[in-house]
Amino acid sequence: MVTASTVRENHPRLRTGGLLARDNPFRVERVHAFRYRPQRISWEAIIENLQQLRMRGAIVGPEGTGKTTLLEDLEQRLIAEGHVTRWLRMRRDTRSAACSLVRETLRRSKRHEILLVDGAEQIGSMTWRRFAARARKQAGLIVTVHSPGRLPTIVECTTTPALLEEMVRDLAPEWFDLLAPELPRLFERHAGNLRLCIRELYDWLAG
């Protein structure tokens, strides 16, 4: 198994210490620049699915599979077509405030807006039912969620070892040959969660 210490041992540049944060190819701003790349489905099919569902559906997948990035990229395509959007971003640490956040979002929203909800699983069942009922008046409702069921599925996000390799090759080409042999095991260890894979790769190269 590769660790931060073994990576340093196998690369002269790292033997005197790891990379500074600003030099680490897996730093946050570089990772955020790597946009969603659909697997086994095209952007055209995603848009067609959404239109068939009358702009109401869910992007489904486990953590670290690119749901948020996909929703952000989908928003840009919707805006380019003349739609107006409004975000509600939910996280574990905002779950207790879900009721008030949902209420405030609905209060501020206009009927011509498409609501984009990231992390819909953080909204409790009762609050979700009220929210979904009131959101029927909106131009659309698109959510990310870990498991199917809250809205019809637009697309199911998946990851593959090949996608992880593609990310590493794009983000850190000079380190690819060193890291590539361990990427399949890294992918398996984190059950396909690319966010955790990239975080560990950052640590391998960090000081």
For the stretch 74-117, which whole percent of the accessible surface, found with a 1.4 angstrom probe, sits on carbon and sulfur atoms? 47 percent
As I understand it, the dipole of the chain uses +1 on the Cβ of Lys and Arg and -1 on the Cβ of Asp and Glu, about the Cα centre. Which of 131, 69, 80 lies farthest toward its positive end? 131
So with the 1.4 Å probe, I'd like the accessible area per residue for the chain, rounded to whole Å². 54 Å²
Anisotropy class of the stretch 107-146 from Cα gyration tensor, a/c 1.5 cut: oblate
How far apart, in nm, are two points set 7 Å out from the Cα along the Cα-to-Cβ line at residue 160 and at residue 41? 1.6 nm
What are the residues whose amide H is under 5 Å from the amide H of residue 144, where those residues sit 5 or more places off or on another chain and H is modelled from the backbone? 59, 117, 118, 119, 120
For the stretch 55-129, size of Cβ-based charge dipole, Lys and Arg +1, Asp and Glu -1, in debye: 420 debye
Using θ = phi - 60° and the Karplus relation 6.51 cos²θ - 1.76 cosθ + 1.60, list the HN-Hα couplings for the stretch 184-196 in order, rounded to whole Hz, with x at every Gly or Pro. x, 5, 5, 4, 5, 4, 9, 6, x, 7, 5, 4, 5
Would you list 86, 107 from the most to the least accessible area, probe 1.4 Å? 107, 86
For the Cα atoms of the chain, what angle does the longest principal axis make with the long axis of helix 125-134, in degrees from 0 to 90, nearest 10? 60 degrees
Once you have a ≥ b ≥ c as the square roots of the Cα gyration tensor eigenvalues for the stretch 68-158, tell me rounded if a/c is under 1.5, and otherwise prolate or oblate according to whether a/b is larger than b/c. oblate
Taking amide H positions as placed in the peptide plane 1.01 Å from N, state which residues far from residue 153 in sequence (5 or more) or on other chains have amide H under 5 Å from it. 58
Helix-only mean residue ellipticity at 222 nm, the chain, DSSP H runs n ≥ 4 weighted -39,500 (n - 2.57), per residue, nearest 500. What is it? -12500 deg cm²/dmol
Over the stretch 129-206, with every protein chain in place, what whole percent of the accessible area is carbon and sulfur at 1.4 Å, could you tell me? 50 percent
Size of the chain as Cα extents on the principal axes (Å, biggest first): 61, 37, 27
Projecting each Cα onto the charge dipole of the chain (Lys/Arg +1, Asp/Glu -1 at the beta carbon, about the Cα centre), which of 205, 19, 120 comes out farthest on the positive side? 120
What is the list of residues in the stretch 130-153 whose amide nitrogen lies under 19 Å from a point 7 angstrom out from the Cα of residue 113, following Cα to Cβ? 130-144
Please report, for the Cα atoms of the stretch 105-207, the Rg to one decimal and the Dmax as a whole number; what are they, in angstrom? 19.2, 53
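The values are calculated or read from the model by the stated rules, or taken from the named source; none is laboratory data. Note that the structure is a prediction, hence the values are computed from the model and not measured. Counting neighbours? That spans all protein chains shown, and the Cβs are built from the backbone with ideal geometry, glycine included. Quick note on the areas: whole protein, heavy atoms, side chains included, nothing else; ligands and nucleic acids left out. Shrake-Rupley method; radii C 1.70, N 1.55, O 1.52, S 1.80 Å.
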